[in-house]
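Please read the structure below before turning to the comments.
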Amino acid sequence: MFETTLAGSLPKPSWLATPNVLWAPWTLTGAPLQDAKEDATALAIKRQEDAGIDIVSDGEQARQHFVHGFLAEVDGVDFDKKVRMGIRNNRYDADCPTVTGPLKRRRFVHEKEARVARAATSRKLKFTLPGPMTLIDTLADGYYGDRVKMAFAFAELLNQEARDLEKLGVDVVQFDEPAFNVYLNETVDWGVPALEKAAEGLKCTTAVHICYGYGIEANNKWKETLGESWRQYEQTFPALDRSKIQQVSLECRQSHVPPELMKLLKTKTVLVGCIDVASDTIDTPEEVAATLKLATKFVDAERIQACTNCGMAPMTLATAYGKLRALAQGAALARKSL
């Protein structure tokens with residue numbers, strides 16, 4: 001009960017990348033960069049274990065960005081042909097690569113970091129991939145001319161990658177779909193089916209992470225426009241509950257999400273976001289425990305895991321791992337009280 005895990009990303013050490021920013025530039029090149037990525041991956045897992053996390057992640061240490069890290073090994077995506085465009089329904093602008101031809105995975109994209117991560121721990125290992133809808137929302141389309149067609153093309157590649165991760169011994173494959181909180185009708189119509197295609201045939205645990213984004217200025221300003229009741233999950237959770245995806249990760253702590261919306265996930269393991277990623281203040285174990293106990297009013301305790309609201313890549317190392325220690329201590333408190 002109340003196993004602890006995280007949404008995925010963690011800060012990178014300064015000897016690997018510029019600290020405290022998203023899309024952080026690497027500080028090394030060539031073979032030294034590859035060595036540093038592997039060292040950072042093993043170190044991130046050791047730090048998670050020391051913090052008391054049950055289901056650990058590679059921390060996305062070998063990726064500059066959760067989307068572009070996967071796209072870097074996909075034929076048909078031209079990184080030299082970037083288009084400045086609005087993403088997440090124009091929440092912010094980004095320089096996006098262009099899809100210029102048929103999509104094809106060149107190789108097992110995340111093999112090296114997955115092997116390092118699996119060798120570094122005997123605990124359950126989670127590995128994160130971008131979901132199909134979020135992928136296409138972060139690209140300019142110069143080939144397919146149809147968002148749904150392009151999403152399902154990516155779903156096929158993601159399924160290939162997920163199957164390879166499973167073969168390496170990854171216990172949980174999680175697809176990150178922040179776009180599910182933006183394009184609500186599309187999520188129900190074709191987003192969830194594309195997600196199921198990405199997870200097709202997997203025997204390991206499958207999860208989807210949906211939140212309101214990193215604790216960066218653009219996301220925080222967007223949240224201010226959502227009012228006192230954030231009900232986006234209300235439209236998408238029923239479709240996810242009907243799906244074959246086994247786990248749903250959501251934002252709870254310091255948000256305006258009505259907690260009763262968790263009742264819509266009647267059959268899933270619910271990864272309750274107990275850590276605020278929009279603040280550098282380290283949550284207390286008591287606050288974590290209170291969030292978990294609130295969740296038990298709407299979800300059976302046996303179906304709850306304690307998680308972070310989102311990734312923590314832009315934070316300092318001290319803040320991120322302090323929050324993970326609080327997560328583990330808070331879960332222990334909640335476990336003891338129940």
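The values are calculated or read from the model by the stated rules, or taken from the named source; none is laboratory data. Computed from a prediction, not measured in an experiment: that's the story for all the values here. Glycine also receives a Cβ, built like all others from the backbone with ideal geometry; neighbour counts cover every protein chain displayed. When the accessible area is computed, the model is the full protein with side chains, heavy atoms only, and any ligands, DNA or RNA have been set aside. Shrake-Rupley method; radii C 1.70, N 1.55, O 1.52, S 1.80 Å.
Probe radius 1.4 Å, ligands and nucleic acids ignored: give me the carbon and sulfur share of the accessible area of the chain as a rounded percent. Answer for the chain is 48 percent, counting heavy atoms of protein chains only. Straight-distance candidates among the lysines for linking to Lys81, with alpha-carbon spacing under 26 Å and chain neighbours fewer than 8 residues away dropped: Lys104, Lys149. Computed from the Kirkwood radius of its Cα pairs, the Stokes-Einstein diffusion coefficient for the chain at 4 °C and 1.567 mPa s stands at 65 µm²/s. Under the shape rule built on the C-alpha gyration tensor, where the axes satisfy a ≥ b ≥ c, region 205-338 is oblate, since a/c reaches at least 1.5 while a/b does not exceed b/c.
Rounded to the nearest 20 debye, the dipole size of the chain about its Cα centre is 500 debye, using +1 on the Cβ of Lys and Arg and -1 on the Cβ of Asp and Glu. Computed extension length for Asp300-Trp23: 95.9 nm, one decimal, from 0.36 nm per residue of separation with the Cα-Cα distance subtracted. Only Lys, Arg, Asp and Glu carry charge here, each on its Cβ (+1 for the first two, -1 for the last two); on that basis region 146-244 has a dipole of about 120 debye about its Cα centre. Counting only protein heavy atoms and a 1.4 Å probe, region 1-140 has 39 square angstrom of accessible area per residue. With a simple spin-label model that places each label point 7 Å from the Cα along the Cα-to-Cβ direction, the separation between Arg335 and Asp35 comes to 3.9 nm. Counting other Cβ atoms within 10 Å of each Cβ, which GluC sites (Glu not before Pro) in region 201-235 have at most 10 and sit in a DSSP loop? Sparse-neighbourhood loop GluC sites (Glu not before Pro): Glu228. Hey, if you put +1 on the Cβ of every Lys and Arg and -1 on every Asp and Glu Cβ in region 108-192, which of Leu129, Gly169, Ala179 ends up farthest toward the positive end of that dipole? Ranked along the dipole, the leading option is Gly169.
Only beta bridges with both residues in the chain are counted; by DSSP, about 25 percent of them are antiparallel.
Extension gain for Trp15-Ala290 works out to 95.3 nm (0.36 nm per residue, less the C-alpha to C-alpha distance). From largest to smallest, the equivalent ellipsoid semi-axes obtained for region 91-133 from the alpha-carbon gyration tensor read 29, 16, 9 Å. Span-like helix criteria (full DSSP H runs; alpha carbon extent of at least 18 Å along the helix axis; mean Kyte-Doolittle hydropathy of at least -1.0) are satisfied in the chain by 30-51, 147-167, 317-337. Where in region 1-25 does the label zone of Thr281 land, with the point 7 angstrom along Cα→C-beta and an amide N cut-off under 20 Å? Zone members listed by number: none at all. Which of Ala194, Gln232, Asn220 sits farthest toward the positive end of the charge dipole of the chain, with +1 on the Cβ of Lys and Arg and -1 on the Cβ of Asp and Glu? So the residue we want is Ala194.
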